[in-house]
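See below for the structure under consideration.
The values are calculated or read from the model by the stated rules, or taken from the named source; none is laboratory data. From a predicted model like this one, the values you see are computed outputs, not experimental measurements. Heads up, the Cβs are rebuilt from the backbone with ideal geometry, glycines too, and the neighbour counts pull from every protein chain shown.
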Amino acid sequence: MGNFDYDVLYIGTGHAAWHGALILAGAGKRVAFAERDLTGGTCTNYGCDAKALLDGPAELVSALDRYKNLGLETDIKMNWPKFMEYKHANIDPLANAMTGMLTGAGFEIIRGDAKFVDAHTVQVGDKCVTAENIVIATGQYDYKLDIPGKEFMHTSREILDLKDLPEHITFVGAGIISMEFASLLTQFGVKATVIEFTDRALRQYSEEYTNRIIAKLKDAGVEFYFNEAVCGVEKSGEKYLVKTQSGLCVETDYVLAATGRRANTEGLDLEKAGVEYTNSGITVDGFMRTSTANIYASGDVVDKKIPRLTPTATFESNYIATAILGNPQEIAYPAVPNVVFTLPRIAAAGVGVNEALANPDKYTVQKISYGQMLAFEYRNETDAEATVILDKDNYLVGAELYGDLAAEMINVVAMIINGRMTREMMMGTIWAFPSQVDGLTEMLAPMLHSDFAPNN
Ligand SMILES: Cc1cc2nc3c(=O)[nH]c(=O)nc-3n(C[C@H](O)[C@H](O)[C@H](O)COP(=O)(O)OP(=O)(O)OC[C@H]3O[C@@H](n4cnc5c(N)ncnc54)[C@H](O)[C@@H]3O)c2cc1C
Ligand SMILES: NC(=O)c1ccc[n+]([C@@H]2O[C@H](COP(=O)([O-])OP(=O)(O)OC[C@H]3O[C@@H](n4cnc5c(N)ncnc54)[C@H](O)[C@@H]3O)[C@@H](O)[C@H]2O)c1
């Protein structure tokens, strides 16, 4: 072993970094972080957490709609500046709390931009540090199209920090970020336009559930344009004009760039360490090792097929720590629950609906209209539904849920997939009643593989 300052240096302090660092510290390793921004990364400071705080009231108001003609009378006013105070009160202390947690655990956080000098040396600001192993956990940034007027476009980070809401927002892209913010901000009274380059939104999810979300947003006044390539943004007095190649011109007060996030690889001087990467991120093998054996990559910065999420970043971070400690097994991802926080939610895990429909020889696709059948359990959410995907032995291998509580239910569904639960195992489980999980699983169980009463 060489004479290094640290056993392991993490570049970044997000979920892709700190979870594994705690495991390494427990094993007696000397660990440090390089960080150029707030401790804790995107999710903690600029992403999921802030979004979830603001989504709370939006979800509540949206759910009230279901009881409007049944006796509920409401006159609700949403005060964005007040909710922003609430957001700041909860989010702003987190970076210091994370710093305290990490330094309290004995880690050093070296502040500044990190870049490689060689495979064991990283320059952070004006300080050079050496480490036996290095974990690149630098995440992604919100990409802005390289078009005239790109300086007038904003990112998710800025929208989550708006003091006052603009009257009209134009979302460029109809992916996860746009669809979530359009759902949320519509509840706060914002008028919205969504402009998408391809012919559909949320491409990785089922067309049916995505179309239902679009229909709801249209009912709320959101305008959608598909097959439109945004080619410029112009300032026009107090307003902005968003222009597309076909000649569409949308006048708006605020433009959100949400055409994808890109890996933070620039400026790291990866070539000096022999670390290979593509436009999609850093290339890794089955052990999350880069092309240089002592350097790993973790989280959003990795070129990977599975969703770039906080729980997958955490999973990789924990795995890498064990790999550094000698785990000889390759990383093996379970079915990953993922959620689009629209209103209602779309949540999925395992084999996707699009893939299943394209491979009827391998999969059976079935619908469970749980909202219609069990209104008492589903809070009168009559359109709540699950699409489940079974393999040829009738094991559950994937599911997509559409409903307000889909983000919770998908966790149970993922356990059924990962546990390869049979009908008998489901019958051997008692769920609380009445509850949504109980209703869904009761309808799912008869479809599942049975060791005693084969169902096909
Ligand atoms: C608006 C929004 C909402 C989201 N909502 C969800 C959600 O609901 N659920 C979910 O699972 N995921 C969500 N995500 C995704 C989630 O935030 C990411 O998957 C997760 O944060 C990835 O963690 P990470 O550690 O890989 O990267 P990050 O958290 O981005 O951490 C990377 C860190 O590296 C630092 N860094 C980068 N380059 C350098 C350098 N050269 N030198 C020093 N430091 C550097 C950065 O400053 C940053 O702190 C959301 C993302 C956004 C933007
Ligand atoms: N709930 C969650 O888990 C969550 C929430 C927010 C963000 N995230 C993270 O952020 C990422 C999503 O970011 P996103 O929504 O920016 O990307 P995305 O890839 O989900 O969507 C980008 C959309 O922009 C469209 N597009 C591309 N070029 C365009 C152009 N020139 N004009 C118009 N449209 C164009 C694409 O066709 C696509 O539909 C996720 O992959 C995830 O990593 C996750």
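When 161, 146 are checked against the criterion of being touching a Phe, Trp or Tyr at 6+ places or on another chain (Cβ under 9 Å) and of a type in the set (Asp, Glu), a single residue qualifies: 161.
Take the residues in segment 300-320 that are touching a helix residue (DSSP H, G or I) at 6+ places or on another chain (Cβ under 9 Å) and either among the charged types (D, E, K, R) or not assigned by TED's automatic domain parsing to the domain that holds residue 60 (or both); name whichever of them is farthest from residue 143 (Cα to Cα). Filtering first and then ranking leaves 316. Out of all the residues in segment 54-72, is one or more touching a Ser or Thr at 6+ places or on another chain (Cβ under 9 Å), in the same structural domain as residue 309 (by TED's automatic domain parsing), modelled with pLDDT of 95 or more and closer than 26 Å to residue 137 by Cα? No - not one qualifying residue is present in segment 54-72.
Looking at 32, 97, just one residue is of a type in the set (Gly, Ala, Ser) and part of a helix (DSSP H, G or I), and that residue is 97.
The numbered conditions (1) buried (at least 22 other Cβ atoms within 10 Å of the Cβ); (2) in a loop (DSSP other than H, G, I, E, B) are all true for residue 145 except (1). Selection of segment 380-394 for residues being under 27 Å from the mean Cα position of the chain (by Cα) and buried (at least 16 other Cβ atoms within 10 Å of the Cβ) yields 381, 384, 385, 386, 387, 388, 389, 390, 391.
None of 252, 290, 259 is within 16 Å of ligand 1 (Cβ to nearest atom) and touching a Ser or Thr at 6+ places or on another chain (Cβ under 8 Å) except 290.
Filtering 346, 410, 306 for residues that are in a helix (DSSP H, G or I) and within 16 Å of ligand 2 (Cβ to nearest atom) leaves a single hit, 410. If you check 182, 97 for being in contact with a strand residue (DSSP E or B) (Cβ under 6 Å, 6 or more places away or on another chain), within 16 Å of ligand 1 (Cβ to nearest atom) and on the phi < 0 side of the Ramachandran plot, only one passes: 182.
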